[in-house]
Amino acid sequence: MPIADARQNLFGLDRVGLERFFVESLDEKAFRAHQVMKWMYHRHATDFEAMTDLGKALRTKLQEHARIAPPGVILEKPSLDGTHKWLLGMDGANAIETVFIPDKGRGTLCVSSQVGCAMNCSFCMTGAQGFNRDLTAAEIIGQVWVAARHLGNIPHRERKLTNVVMMGMGEPLMNFDNVVTAMNVMRDDLGFGLASKRVTVSTSGVAPMIDKLAEVTDVSLAVSLHAANDALRSTLVPLNRKYPIAMLMEACERYVLSKKRSSVTFEYTLMQGINDQPEHARELVQLLRRFTRRVQDANAAKVNLIPFNPFPGTRYVRPNANDVRTFQEILQQNGILAMVRRTRGDDIDAACGQLKGQVADRGRRQARFRAELAKLDGGHVDALA
Ligand code: SAH
Ligand code: SF4
């Protein structure tokens, strides 16, 4: 077995962490960290020898104590519609997927936060794959770096990558610290320089972590709702048994109220005959009206309708186009902004919910993960069973 490289992977540190590493571990000035960040994120350098504005002695010291190691690309798949998918190796046994989706004037990268997902949502391919582990901060920011290098993205000059959504594999709020560190680099001028509102966290509804998120960052929040009543939502998102809709909506209210002019995007995957009928749309209207009334902002809720993307073995079916249109119209007639997300990259299995990577599921790890979740607010371990 190869000996693990003990040198610090600089992809794992945000600006504050990197400054600390330079001062405390290398006995160097903090501004050296800034020079290195620019080399890494603006010029895609991985070799310290290329960093010509650093002295020879520092370059040698860096070589001894640090490395800049992006995830390895196992496979790349371009789609006919311009979407691009990477399968990235995270260790010998696991791989995750990252997807770039170009659209008029913007380029969105869909980033993974975990190897698999323990949330077990019944309509999600990633959920069906099981769970192995959290990604490190280096593995999360490394996904953005691989895409940025491929695109020739140069922040503030040649910007191809304009948005990041944490909507790949995994539940980002269950890997909180690493996701926050990685998002710091995405939003840093010395990193990828994205405006905070162009970085989005999507959660299946880990309510207490939404409050924690509000404390440390002001990124955009997307919440995967999929149903406006608890009985139905619990069959789709098992986490709902632990954090039911009322609790989730209250956390969303606090998030919006803690930020100026912010809103929550509610994602709603439409499945034929399950949650795509007019009565479901009307129920959603009631729920969101209550929400916008309580935060006193009629524009604080947006809805993103996602027609279900099928995968092998699923029992759900994509809704028909008429039902999708009717659903959208009911929301819009009631003053709720609702978009239908266009399916992108389905020829390469890169659409929402189709990411699967390569997950060495660990039954016992998954059980421990669930226990951790239960500890969050003293709830019951069986909430997700
Ligand atoms: N775990 C997070 C983020 C990743 S999933 C979350 O659940 O929010 C990103 C979005 O894709 C979520 O809204 C999810 O509900 C949706 N999704 C999952 N499987 C899908 C499928 N098969 N078809 C369409 N959307 C799906
Ligand atoms: Fe996990 Fe999101 Fe898929 Fe649910 S929808 S299993 S939370 S990735």
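The values are calculated or read from the model by the stated rules, or taken from the named source; none is laboratory data. None of these values were measured; they are calculated from a predicted model. For neighbour counting, all protein chains shown are included, and Cβ atoms are generated from backbone atoms with ideal geometry for every residue, glycine included.
Summed over region 230-251, residues that are among the hydrophobic types (A, V, I, L, M, F, W, C) and out of contact with any helix residue (DSSP H, G or I) (no Cβ under 7 Å at 6 or more places or on another chain) total 5. Of the residues making up region 166-213, those that are among the small types (Gly, Ala, Ser) and more than 30 Å from residue 238 (Cβ to Cβ) number 4. Would you kindly identify the helices (runs of 4 or more DSSP H) lying entirely within region 9-91 that contain at least 3 residues that are over 24 Å from the mean Cα position of the chain (by Cα) and under 18 Å from residue 190 (Cβ atoms)? The helices (runs of 4 or more DSSP H) meeting that bar are 31-42. Quick check: anything in region 110-118 within 16 Å of ligand 1 (Cβ to nearest atom), in contact (Cβ under 8 Å) with a residue 24 or more places away in the chain, crowded, with 24+ Cβ neighbours inside 10 Å and closer than 30 Å to residue 28 by Cβ? No.
Would you pick out the residues in region 292-322 that are closer than 24 Å to residue 255 by Cα and either touching a residue at least 60 places away in the same chain (Cβ under 8 Å) or under 24 Å from the mean Cα position of the chain (by Cα) (or both)?
Filtering region 292-322 for residues closer than 24 Å to residue 255 by Cα gives 292-306.
Listed by number, the residues that qualify are 299, 300, 301, 302, 303, 304, 305, 306.
I need a count of the residues in region 212-247 that are hydrophobic (A, V, I, L, M, F, W, C), more than 12 Å from ligand 1 (Cβ to nearest atom) and either within 19 Å of the chain's Cα centre (by Cα) or not in a loop (DSSP other than H, G, I, E, B) (or both). Of the residues in region 212-247, 9 are hydrophobic (A, V, I, L, M, F, W, C), more than 12 Å from ligand 1 (Cβ to nearest atom) and either within 19 Å of the chain's Cα centre (by Cα) or not in a loop (DSSP other than H, G, I, E, B) (or both). Condition first: hydroxyl-bearing (Ser, Thr, Tyr), on the phi < 0 side of the Ramachandran plot and within 16 Å of ligand 1 (Cβ to nearest atom). Can you find one or more residues in region 168-187 that meet it? The answer is no; no qualifying residue exists. Taking the residues in region 147-158 that are touching a residue at least 24 places away in the same chain (Cβ under 8 Å) and out of contact with any Phe, Trp or Tyr (no Cβ under 6 Å at 6 or more places or on another chain) as candidates, determine which candidate is farthest from residue 116 (Cα to Cα). Only one residue fits best here, namely 156. Applying the criterion of being of a type in the set (Gly, Ala, Ser) and surrounded by fewer than 20 Cβ atoms within 10 Å (Cβ to Cβ) to the residues of region 129-184, the residue that is nearest to ligand 2 (Cβ to nearest atom) is 130. Give region 107-128 a look and list any residue that's under 18 Å from residue 267 (Cβ atoms) and more than 16 Å from ligand 2 (Cβ to nearest atom), or say none. Within region 107-128, 108, 109 meet the criteria. If the condition is being among the charged types (D, E, K, R) and touching a residue at least 24 places away in the same chain (Cβ under 8 Å), then region 10-42 contributes 14, 15, 28, 32, 38.
Specify the residue that is farthest from residue 349 (Cα to Cα); the eligible residues are those in region 309-320 that are within 14 Å of ligand 2 (Cβ to nearest atom) and at pLDDT below 95.
From region 309-320, those within 14 Å of ligand 2 (Cβ to nearest atom) are 309, 311, 314, 316; that's our starting set.
Next, from what is left, pick out any that are at pLDDT below 95: 309, 311, 314.
Details: 309: 9, 311: 9, 314: 14 Å.
Ranking the candidates gives 314 first.
Every residue, every condition in (1) in a strand (DSSP E or B); (2) at pLDDT 90 or above; (3) within 22 Å of residue 85 (Cα to Cα), yes or no:
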residue: 306; (1), (2), (3): yes, yes, yes
residue: 329; (1), (2), (3): no, yes, no
residue: 339; (1), (2), (3): yes, yes, no
residue: 343; (1), (2), (3): no, no, yes
residue: 352; (1), (2), (3): no, no, yes
residue: 360; (1), (2), (3): no, no, yes
